[in-house]
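K.L.:
The structure that follows is given in the form of structure tokens.
Any read-out appearing in this document is the output of simple, stated calculations on the displayed coordinates, not a laboratory observation. Since we're looking at a predicted model, the values are computed, not measured. All Cβ positions, even for glycine, are placed from backbone atoms using ideal geometry, and neighbour counts span all protein chains on display.
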Amino acid sequence: MSTALLASSTSSSFPVLPSLIIIPLIGALLVAVTSRQRPELLKLIAVITSVTTGAISIWLLSAFDSTPGSAEFQFGSQQQWLSDLGISWTFGIDGISLFLVVLTGVLFPLALLATNPEHSNRAWYGWLLVLEAGVMGVFVSLDLVMFFLCFEAVLVPMYFLIGRWGHDNRTYAATKFFLYTMAGSALMLVGILALAFLHAEATGGSITFDLVEIAEAQSLATTTARWVFLSFALGFAVKVPIFPLHTWLPDAHTEAPTAGSVILAGVLLKLGTYGFLRFGLYLFPEASHYFAPVFLTLGVIGILYGAVVATMQKDLKRLVAYSSVAHLGFIVLGTFALNTEGITGGLLQMINHGISTSALFLLVGMIYERTHTRQIQELGGLQRSAPLMAGIFTLVMLSSIGLPGLNGFVGEFLILLGVFNAHRWWAVVATIGVVLAALYLLWAYQRVFHGPTKEDKEAIRDLSLKEKLVLGPLVALIIFMGVYPRPVIERMEPAVDALIEHIETHVDEFHEPITQKGSSIGESNSSDHGAHE
Amino acid sequence: MSDLVWLIPMLPLVGSITLLLFGRRIGEPRSGWLATATVVTSFAATLGIYIDLLSRDEHHRRITSSLFTWVPAGDFSVDVGFLIDPLSLTMCLFITGVGALIHLYSIGYMHGDHNFSRFFAYLNLFTFSMLMLVLGDNLLLTFLGWEGVGACSYLLISFWFTEEKNASAGKKAFITNRIGDWGFMIAIFLTFFTFGSINYTEVLDTAASGQILESTATLIAVMLFIGAIGKSAQFPLYLWLPDAMAGPTPVSALIHAATMVTSGIYLLTRVNPILADAASWVPTMIAWVGVGTALFAATIAVAQNDIKKVLAYSTVSQLGYMFLAVGTGAYVAAIFHMVTHAFFKALLFLGSGSVIHGMNGDQDMRHYGGLRRFMPITSATFIVGWLAIAGVPPFSGFWSKDEILAFAWNESPVLWAFGLLTAVLTAFYMTRQVVLTFFGRYRFTDAQPEEIRAAWQARIEKATEVIADLANEIEKVQKEIEEARSQTETARTKLSEAQKAVNELIPNDDTESDPEALAAAVIEAEDQVLAADQKLHELENSLQLSEENRELAQKELEEIKDESETDSSVSNSILDDAPDTSKIQEYLPTEVKERIEHHPHESPWTMTLPLVILAGLATVAGLIQLPFSGTLKRLEHWLEPTLFGNEVHLHVETSTMWILAVVAIIGGLIGISIAIMTYQKKRIHYAIFEQPLLADAWTVDKKVSDFMGGPGIKGFKAVSSFDSRVIDGAVNGVARLIKWKSKSVQKIQNGFIRTYAALIGVGVVALLCWFLVRSNIL
């Protein structure tokens, strides 16, 4: 283990990253042992532990060293575990994982506060906290085995959240979600083992699952690495999900309870895209570069396809779910642009999609609570009785459409800019997705909020104080990240640059596509200049 | 002073945020005044910077001021920064100036609206976005304003959202604009790829020095042009603008006439060095799309009856002129016409708003007529606007249009001919509008054709009812006759019995019977017979009468039906003489009576003051650029530094210029005369001009909607069902296959996944315990 990578950052010896996993777990334990006579304590415990976790994650934001060139993993800690097998508890975050940790830390308390389960409170809060621990584990682990364990462990609480508290078709959706993603990542385990053994064989050292060590060594033969990459990529592709492996997502999102949809869209989908960055591009730079056109194409298809299918949805929640397919397509696109603009944009888009789509799911949940329907045609004219809700919905919708000045635009723009520099035609086609996004969201908005109020529906009440408090932070983030994304980008950039440098080092004939700048300027002759005159 | 440039957009933004947060508490009319005040202050700030810039040397009139870095990523970095130069400042002056007037006007127009403060919040937000668009010192900030004005336009068109039509119009505007924005975004990518920057100063200076490839410049120019035709409503992306009239009228004036729709022309003028570097077919294409749209929209405007629809198509047409100017290298003329158009078209829209306000929301010009008696200020100012747009000297529109036509001549006589024809049509349809609205017979209280039709229908129904009543009566009488007949029969039988009794008595000489009584019975029976006969007779008479009546009624009904079919006022337009409703007076619907009680009225001062100011500006705005001598071309000198010498120089002799001007004036007068002959003097029948195909806007919109609603949506549906059947079907198919295969090996319990999930859960907990122990945390 290259301890130098870890040593530098934190001054405190407090294992801050493990605490992000442990605190929710302690919460889950407390929830499990809380006396039956004090059910009101359950939510309190859950909120306190998740808020504490959130507070720590936000503290990370301020303590994070963002000076240019500080690409190392920070807040690192390492504990030997099964040293014979080369498995260790290795944690660390960099600019790539930092904001995903913060997003997780922020979204869980909001999801917990926003909703109450209809039954079985104890299990509900317990599973949610376990889920938070698992997600945090994915984002801070730097050991392949640890990563894989957390990656898989996340499925369990999610399965129960959908299957026990979901809507009518919950069992089908939960089963599908579980089996699909499970099947997807089954090969990844094989890939991880193969990678570790082949690495040990190639370097002659002892076996290790240390991410940084394996990635930096790049000891696998090209063809072998490509095969192992594919085993990883399949797992991530299902998780993202990338077209055509996406059909578990609309079912899971639609059937999940509101908090489940929020977490699923806000955080869980990012496990796949994060996986591509951290365990795809970093571990297999050459293979990523080799297969990039495939993923770019699938990304573009996802963008257009998700938008078209979303347009035709009759269920508002399903529509939002398909919009995720389109948005995630953008993220995949940015990731495989393999340049700073694209990857930074993709990362930003992960955060932005987490914020905006969570807000959308919360709003859809609020509409459902009031009208008991998600069918678009049964809704109408809601803006009359709930102007504030309509206003916030409009803002979130415009953010999702990618209106400049709101968060969605910055990510989307950087992605397209990055892709354009590297693979012009993909960007030209993908930009059509920007038009389609306006189509499906505006049409849905019109049918739900505009027009006359449906005769058989009574006026609904506008947002309550609690709902305002839940949506408030998300609205603030939507505006802040749109107007002043710089502090976020600055913290991401060293890590992104290091990743690209890593790719450049290990892939022959690969250079981060740069702008023409000097190249075409100067070549031109001025013969056509001023042809008018 | 120029450090304070950020104040210009920031003031309306602050106003907007304040109104969004506290609008309800601030209430009417204070939120309107607050919004107006922010724009007025912003105008004052612009004026201050204008004076500052004037005091500078011509070559130092380009100031950039950066607030903070907006998006930094890799090589790409963009600031929130402002570029102040003569071009952006000209835009700011009329955006804030006209904007302030329209804000003021809206206080009166939106009076009593439930969402009064929300309206002003959006209007302020729009002003902010528009200012960002023109002040941004890079393409991305312009794009921010570009999309921002689009979003505000969406919010304001669908402001009265409970009507499906308004909501659809807003959505259509946004989506059509987005199609253009696709081009804008690609242009930004290309620009960054080519120049390594998207800052105007760097990009334009590099392009002006002729350092970029023609092919690259061509691509960028074409992509920006696609963006421009979306925002500035040129063919084929103009479809949203006529629909956008669904918004409140001040919105149409500010956004869909004076400011937002000119963004495309601003953008192309801003990047003039790139257009200059592009292949020569690009400007030619711009000119042709412009002049084609101008003529196309003008033909449609001729046959519209909605007062705002005429102005909407007129705006599309006038924007076409500006594109013609840009395409022929007449950037100054484009900006010149943009400014004069902002004045007179805002004036015309606000005037139409005042008319609509005074006419209880009716927008059909056929129902107006003679309004100048009721609305003296509105009509006087509207007439000024009409003279300006019709190209009558010395009103402002004449000068700017004339300059564009001169440049068109310079490029090609065919372009000029198209432009001239458009000018004639413009004079025609605007005169038509003025005559129909303010002159002629006051038609508002007239019964409208459909009302007359309804009245005839009511009359026919009434007559049919009478016939039915008569038929009932006849039936009744016939029944009574039957009864009377049977009564006569009975009476006769009784009489014959009585007579028989008398006859039998005489031969028998039966003393037991009373002969007197028998005789009396006979007399009684005789009387009864007589009475019954008489009744029968009477009834038969009455039956005859009723039948005659029925015949008469039947005849009358036939007559009424004939009359209703021949009544010309049913099929005729209201534009002909006043319909003769004497025969159906009592059958007219109540709306007509209500209208008779309504008295058109002039609008409050908050609405008429902006009209008066704009009328003044529309009259004299020509002064900023007079063709007579070099020094009088003030706008040209002022804009010169921003045009990099790309303004084309006219190769037209002075004498030719005079001839062109005279021809243009004559053309305008011809248009005006024909319209007066048609609508005022009625020497020509209007149906010659108001062709159904033109009223239907050449059915383009209908065909596009049909395509979207038909094959378009079918395609989307096909993809959607492909997703659920094929892709998801494959997934479920695999699942079923596995289930079926594995059944033969072992029974899969329902709880399989639960158990499995639970096992993973247990495993995780176990690992965690291990972890806690190993890391000595607990």
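K.L.:
Quick check: net charge around B:Ser106, other residues with Cβ under 14 Å of its Cβ, Lys/Arg +1 and Asp/Glu -1? Display every interim value, and only then the final one.
P.N.:
Values: positive: B:Arg30, B:Arg118; negative: B:Glu28, B:Asp113.
Result for the local shell: 0.
K.L.:
To the nearest 0.05, what FRET efficiency results for B:Leu530 and B:Glu475 with a Förster distance of 25 Å applied to their C-beta separation?
P.N.:
Details: r = 28 Å, r/R0 = 1.11.
After rounding, the FRET efficiency stands at 0.35.
K.L.:
Could I ask something else about it? Can you give the FRET efficiency for A:Glu201 and A:Tyr368, using 1/(1 + (r/R0)^6), R0 = 60 Å, r = Cβ-Cβ distance, to the nearest 0.05? Display every interim value, and only then the final one.
P.N.:
On the way: r = 55 Å, r/R0 = 0.92.
Once rounded, the FRET efficiency stands at 0.60.
K.L.:
Which of the aspartates and glutamates could a cross-linker span from B:Lys739 if the Cα-Cα distance has to be under 19 Å and same-chain partners fewer than 8 positions apart are dropped?
P.N.:
By straight Cα distance, B:Lys739 reaches B:Asp728.
K.L.:
How much length, in nm to one decimal, is gained on full extension between A:Tyr290 and A:Asn169, taken as 0.36 nm per residue of separation minus their Cα-Cα distance? Intermediate results must be reported in sequence, preceding the final value.
P.N.:
Details: separation 121, 0.36 × 121 = 43.56 nm, distance 4.08 nm.
Stretched fully, the A:Tyr290-A:Asn169 segment lengthens by 39.5 nm.
K.L.:
What ranking do A:Ile479, A:Ile192 get, fewest neighbouring Cβ atoms within 10 angstrom at the top? Before the final figure, lay out the partial values.
P.N.:
Numbers: A:Ile479 14, A:Ile192 23.
Ascending Cβ contact count within 10 Å gives the list A:Ile479, A:Ile192.
K.L.:
What are the ³J(HN,Hα) couplings of the range A:264-270, residue after residue, when phi is run through the Karplus curve with 6.51, -1.76, 1.60 and θ = phi - 60°? Round to Hz, x for glycine and proline.
P.N.:
4, 6, x, 10, 5, 5, 6
K.L.:
Can you give me the distance in nm between label points at A:Ile432 and A:Ser385, each placed 7 Å from the Cα along the Cα-to-Cβ direction?
P.N.:
With each label point 7 Å from Cα toward Cβ, the separation is 4.1 nm.
K.L.:
Just want the ordering: B:Arg595, A:Arg122, B:Arg178, from fewest to most Cβ atoms lying within 10 Å of their own Cβ. Let's see the in-between values first.
P.N.:
Details: B:Arg595 18, A:Arg122 15, B:Arg178 24.
Starting with the residue having the fewest Cβ neighbours, the order is A:Arg122, B:Arg595, B:Arg178.
K.L.:
Starting from the Cα gyration tensor of the range B:449-596, multiply each eigenvalue by 5, take the square root, and state the resulting semi-axes largest first in whole Å. It would help to have the intermediate numbers written out before the result.
P.N.:
On the way: eigenvalues 827, 28, 16 Å².
After scaling each eigenvalue by five and taking roots: 64, 12, 9 Å.
K.L.:
Right, another one. Considering the dipole of the range B:330-468 built from charges on the beta carbon (Lys and Arg +1, Asp and Glu -1) around the Cα centre, which of B:Ala390, B:Leu421, B:Ala468 is farthest to its positive end?
P.N.:
Highest projection toward the positive end goes to B:Ala468.
K.L.:
Around B:Thr315, with a cut-off of 12 angstrom between Cβ atoms, what is the net charge of the other residues, counting Lys and Arg +1 and Asp and Glu -1? Let's see the in-between values first.
P.N.:
Working: positive: B:Lys308, B:Lys309, B:Lys345; negative: none.
Within the 12 Å Cβ shell, the charges total +3.
K.L.:
Now for a separate question. Where nothing but the Cβ of Lys and Arg (+1) and of Asp and Glu (-1) is charged, how large is the charge dipole of chain A around its Cα centre, in debye to the nearest 20?
P.N.:
Numbers: 27 positive and 38 negative charges, 451 e Å.
The dipole magnitude comes to about 2160 debye.
K.L.:
How high is the relative contact order of the range A:154-251? Use alpha-carbon pairs under 8 Å, at least six apart in sequence, and give a whole percent. Please list the in-between numbers first.
P.N.:
Working: 82 pairs, mean separation 31.3, N = 98.
Relative contact order of the range A:154-251: 32 percent.
K.L.:
Further question on the same structure: If the chain between A:Gln37 and A:Leu230 were fully stretched, how many nm would it gain, using 0.36 nm times the residue separation less the Cα-Cα distance? Walk me through the numbers before you get to the answer.
P.N.:
On the way: separation 193, 0.36 × 193 = 69.48 nm, distance 5.19 nm.
The span from A:Gln37 to A:Leu230 would gain 64.3 nm if fully extended.
K.L.:
Just to confirm my numbers, what's the Cα centroid distance between the range A:335-351 and the range B:364-400 in Å?
P.N.:
For the range A:335-351 versus the range B:364-400, the Cα centre distance is 56 Å.
K.L.:
Also, I was wondering about something else. When the Cα centres of the range A:388-404 and the range B:648-711 are compared, how far apart do they sit, in Å?
P.N.:
Cα centroid to Cα centroid, the span is 42 Å.
K.L.:
A further question on this structure: Inside 10 Å of the C-beta atoms of B:189-197, what's the mean count of C-beta atoms belonging to other chains? Walk me through the numbers before you get to the answer.
P.N.:
On the way: counts 11, 4, 1, 7, 10, 6, 5, 7, 2.
Rounded to a whole number, the mean comes out at 6.
K.L.:
Next question, about the same structure. About its Cα centre, how strong a charge dipole does the range B:449-596 have in debye, to the nearest 20, once Lys and Arg get +1 and Asp and Glu get -1 at the Cβ?
P.N.:
Details: 16 positive and 40 negative charges, 83 e Å.
Computed about the Cα centre, the dipole is about 400 debye.
K.L.:
Considering every residue in B:275-288, what mean count of other chain Cβ atoms within 10 Å of its Cβ is obtained?
P.N.:
Values: counts 1, 6, 6, 3, 2, 3, 0, 1, 2, 0, 0, 0, 0, 0.
Taking all residues of B:275-288 together, the mean is 2.
K.L.:
Let me test this: with uniform point scatterers at the alpha carbons of chain B, what is the Debye-based log₁₀ I(q)/I(0) at q = 0.05, 0.06, 0.10 1/Å?
P.N.:
For the requested q values the scattering log ratios are -0.41, -0.52, -1.02.
K.L.:
Give, as a single signed number, the net charge of other residues whose beta carbon lies under 13 Å from the beta carbon of A:Gly126, with Lys and Arg counted +1 and Asp and Glu -1.
P.N.:
Details: positive: A:Lys43, A:Arg122, A:Arg164; negative: A:Glu132.
Summing Lys/Arg as +1 and Asp/Glu as -1 gives +2.
K.L.:
Roughly how many nanometres apart are two label points built 7 Å out from the Cα toward the Cβ at B:Asp306 and B:Ser724?
P.N.:
For B:Asp306 paired with B:Ser724, the spin-label model returns 3.5 nm.
K.L.:
Given a Förster distance of 41 angstrom, what is the FRET efficiency for B:Ile523 paired with B:Glu551, based on the Cβ-Cβ distance and rounded to 0.05?
P.N.:
Details: r = 43 Å, r/R0 = 1.04.
Approximately 0.45, to the nearest 0.05.
K.L.:
With +1 on the Cβ of every Lys and Arg and -1 on the Cβ of every Asp and Glu, and nothing else charged, how large is the dipole of the range B:696-744 about its Cα centre, in debye rounded to the nearest 20?
P.N.:
On the way: 9 positive and 5 negative charges, 119 e Å.
Charge dipole, the range B:696-744, about its Cα centre: 580 debye, nearest 20.
K.L.:
Under 18 Å Cα to Cα from A:Lys454, which aspartates and glutamates show up? Leave out anything in the same chain fewer than 8 places away.
P.N.:
Result set, ordered by chain and number: A:Asp315, A:Glu369, A:Glu378, A:Asp462, B:Glu163, B:Glu164.
K.L.:
Please work out the Cα center distance from the range A:230-289 to the range B:191-243, rounded to the nearest Å.
P.N.:
A separation of 37 Å, based on Cα centres.
K.L.:
Within chain B, which whole H helices from DSSP have a Cα span along their axis of at least 27 Å and a mean Kyte-Doolittle hydropathy of -1.0 or more, if any? Provide the component values of the computation, followed by the final result.
P.N.:
Values: long enough: B:30-54 (36 Å, 1.09); B:86-109 (34 Å, 1.42); B:116-135 (29 Å, 1.56); B:164-195 (46 Å, 0.39); B:281-301 (29 Å, 1.56); B:307-327 (30 Å, 0.94); B:331-358 (39 Å, 1.25); B:413-438 (37 Å, 1.40); B:449-508 (89 Å, -0.78); B:515-566 (76 Å, -0.75); B:654-675 (32 Å, 2.05); B:752-774 (33 Å, 1.82).
Membrane-span-like by this rule: B:30-54, B:86-109, B:116-135, B:164-195, B:281-301, B:307-327, B:331-358, B:413-438, B:449-508, B:515-566, B:654-675, B:752-774.
K.L.:
Each residue of the range A:438-449 in order: what ³J(HN,Hα) in whole Hz does its phi give by Karplus 6.51 cos²θ - 1.76 cosθ + 1.60, θ = phi - 60°, with x for Gly and Pro?
P.N.:
5, 4, 6, 6, 5, 5, 4, 4, 4, 6, 8, 9
K.L.:
Note the direction-averaged projected area, equal to a quarter of the hull surface, for the Cα convex hull of chain A, in nm². Could you put the intermediate results ahead of the total?
P.N.:
Numbers: hull surface 110.4 nm².
Quarter of the Cα hull surface area: 27.6 nm².
K.L.:
Run the reach check for B:Lys309 against lysines, Cα to Cα strictly under 27 Å, same-chain hits fewer than 8 apart removed. What comes back?
P.N.:
B:Lys165, B:Lys171, B:Lys172, B:Lys231, B:Lys345, B:Lys401, B:Lys681, B:Lys682, B:Lys702, B:Lys703
K.L.:
Here's something else I'd like to know. With each pseudo-label sitting 7 Å past Cα toward Cβ, what's the B:Asp514-B:Glu163 distance in nm, one decimal?
P.N.:
Inter-label distance under the simple model: 9.1 nm.
K.L.:
Counting other beta carbons within 10 Å of each residue's own, what order do A:Thr258, B:Thr340, A:Thr203 fall into, fewest first? If you can, show how the numbers build up before the last one.
P.N.:
Details: A:Thr258 22, B:Thr340 27, A:Thr203 13.
Exposure proxy ranking, most exposed first: A:Thr203, A:Thr258, B:Thr340.
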